[in-house]
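Colleague: After the structure tokens below, expect a handful of questions from me.
The values are calculated or read from the model by the stated rules, or taken from the named source; none is laboratory data. Quick caveat, the model's predicted, so the values are computed rather than measured. In this analysis, Cβ positions are derived from the backbone assuming ideal geometry, glycine residues included, and neighbour counts consider all displayed protein chains.
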Amino acid sequence: MDRTGLLIILSSPSGAGKSTLARRLIDWDPTLSFSVSATTRSPRPGEVDGQHYHFIARDDFARMAGSGDMLEHAEVFGNLYGTPRAPVEAAMQAGRDTLFDVDWQGGQQIRASVLGPHVVSIFILPPSLPELERRLISRGQDAPEVIAGRMAKSRDEISHWAEYDYVLVNDDLEASFQRLIAILTAERLRRERQKSLGGFVKSLMEGGESA
């Protein structure tokens, strides 16, 4: 199917299962890819430019942000991070979908960008806040004070659920994954995304007239 690619925004509070669902989605369809962010910070050991991040100078970043060449951007601990528009737009025109692992603020900026009409936004909710806390604790990665901070931030993130096209309650990982596939399949089939459909219908009608 000759179609326009999607910009798939996945957002959730930490621990709701967003990263696991995103990885499973890419395993299901390897043509999907994560967007590669740009940053003004220096590369860390083992990081490859263009694979982990696009490492660019602060002046270049500011120029791109000012000219609309960043779909979204923010400053974190003194460093700038953002999503370059060009590679996302190229993938979209080639019919490839791009996944965005961003928070509600990044999602707002992408939806407000020139590529906004091609966005499908999905928010992942936990079944309950106690279950969310249990998941964070079971990771064994964070100190209690860090988990408390994540839980406090979760309430603010969840408050933006109504800004999204779809909301999934991740009470069962496999069921949530199947719902995610259903959303993506339906969105890919939307009439306005099928670039060659108009030509096909025209040839179909002309063929009927000549019969």
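Colleague: Going through Arg150, Arg155 one at a time, which residue ends up being basic (Lys, Arg), more than 25 Å from Phe177 (Cβ to Cβ) and either assigned to a loop (DSSP other than H, G, I, E, B) or under 23 Å from the mean Cα position of the chain (by Cα) (or both)? Reasoning before the result, please.
Modeller: Working: Arg150 fails: more than 25 Å from Phe177 (Cβ to Cβ).
That would be Arg155, the only listed residue that is basic (Lys, Arg), more than 25 Å from Phe177 (Cβ to Cβ) and either assigned to a loop (DSSP other than H, G, I, E, B) or under 23 Å from the mean Cα position of the chain (by Cα) (or both).
Colleague: Filter the stretch 128-145 down to the residues that are among the hydroxyl-bearing types (Ser, Thr, Tyr) and closer than 19 Å to Ile158 by Cβ and list them by number. Talk me through it step by step, then tell me what you get.
Modeller: Taking the stretch 128-145 as the starting set, the residues that turn out to be among the hydroxyl-bearing types (Ser, Thr, Tyr) are 128, 138.
Within the stretch 128-145, just Ser128 meets the criteria.
Colleague: Among Val102, Val88, Val76, which is the only one that is β-branched (Val, Ile, Thr) and without any contact (Cβ under 8 Å) to a residue 40 or more places away in the chain?
Modeller: Values: Val102 fails: without any contact (Cβ under 8 Å) to a residue 40 or more places away in the chain; Val88 fails: without any contact (Cβ under 8 Å) to a residue 40 or more places away in the chain.
Step by step, each of Val102, Val88, Val76 is checked, and only Val76 is β-branched (Val, Ile, Thr) and without any contact (Cβ under 8 Å) to a residue 40 or more places away in the chain.
Colleague: Here's a check for you: in the stretch 92-134, which residue that is in a loop (DSSP other than H, G, I, E, B) and among the polar types (S, T, N, Q) is surrounded by the most Cβ atoms within 10 Å (Cβ to Cβ)? Break it down into steps so the answer makes sense when it comes.
Modeller: Just the residues of the stretch 92-134 that are in a loop (DSSP other than H, G, I, E, B), to begin with: 94-97, 102-103, 113-115, 126-128.
Narrowing further to those that are among the polar types (S, T, N, Q): 113, 128.
Numbers: Ser113: 19, Ser128: 11.
Step by step, filter the stretch 92-134, then rank; the result is Ser113.
Colleague: Which condition number does Arg139 fail, the rest of (1) surrounded by 12 or more Cβ atoms within 10 Å (Cβ to Cβ); (2) of a type in the set (D, E, K, R); (3) more than 17 Å from Ile9 (Cβ to Cβ); (4) in contact (Cβ under 8 Å) with a residue 40 or more places away in the chain being met?
Modeller: Going through (1) surrounded by 12 or more Cβ atoms within 10 Å (Cβ to Cβ); (2) of a type in the set (D, E, K, R); (3) more than 17 Å from Ile9 (Cβ to Cβ); (4) in contact (Cβ under 8 Å) with a residue 40 or more places away in the chain one by one, Arg139 breaks only (1).
For (1) farther than 28 Å from Lys153 by Cα; (2) acidic (Asp, Glu); (3) modelled with pLDDT of 95 or more; (4) touching a helix residue (DSSP H, G or I) at 6+ places or on another chain (Cβ under 7 Å), each residue gets a yes or a no:
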site: Met1; (1), (2), (3), (4): yes, no, no, no
site: Pro13; (1), (2), (3), (4): no, no, no, yes
site: Ser35; (1), (2), (3), (4): no, no, no, yes
site: Thr39; (1), (2), (3), (4): no, no, yes, no
site: Arg44; (1), (2), (3), (4): no, no, no, no
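Colleague: Now a separate question. So, in the stretch 47-91, of the ones that are touching a Ser or Thr at 6+ places or on another chain (Cβ under 6 Å) and not in a strand (DSSP E or B), which residue ends up nearest to Asp29 (Cα to Cα)? Steps first, answer last, please.
Modeller: We begin by selecting, within the stretch 47-91, every residue touching a Ser or Thr at 6+ places or on another chain (Cβ under 6 Å); these are 53, 58, 61, 71-72, 79-81, 83, 88, 91.
Still in the list and also not in a strand (DSSP E or B): 58, 61, 88, 91.
On the way: Arg58: 35, Phe61: 32, Val88: 17, Ala91: 15 Å.
Result: Ala91.
Colleague: Which one of these does Met64 not meet: (1) more than 30 Å from Gly199 (Cβ to Cβ); (2) in contact (Cβ under 8 Å) with a residue 40 or more places away in the chain; (3) aliphatic (A, V, I, L, M); (4) crowded, with 18+ Cβ neighbours inside 10 Å?
Modeller: Exception for Met64: condition (2).
Colleague: Also, quick follow-up: When you check Ser154 against the structure, is it at pLDDT below 95, among the hydroxyl-bearing types (Ser, Thr, Tyr) and crowded, with 19+ Cβ neighbours inside 10 Å, yes or no? Lay out the reasoning, then the answer.
Modeller: Values: at pLDDT below 95: yes; among the hydroxyl-bearing types (Ser, Thr, Tyr): yes; crowded, with 19+ Cβ neighbours inside 10 Å: yes.
Against the criterion (at pLDDT below 95, among the hydroxyl-bearing types (Ser, Thr, Tyr) and crowded, with 19+ Cβ neighbours inside 10 Å), Ser154 qualifies.
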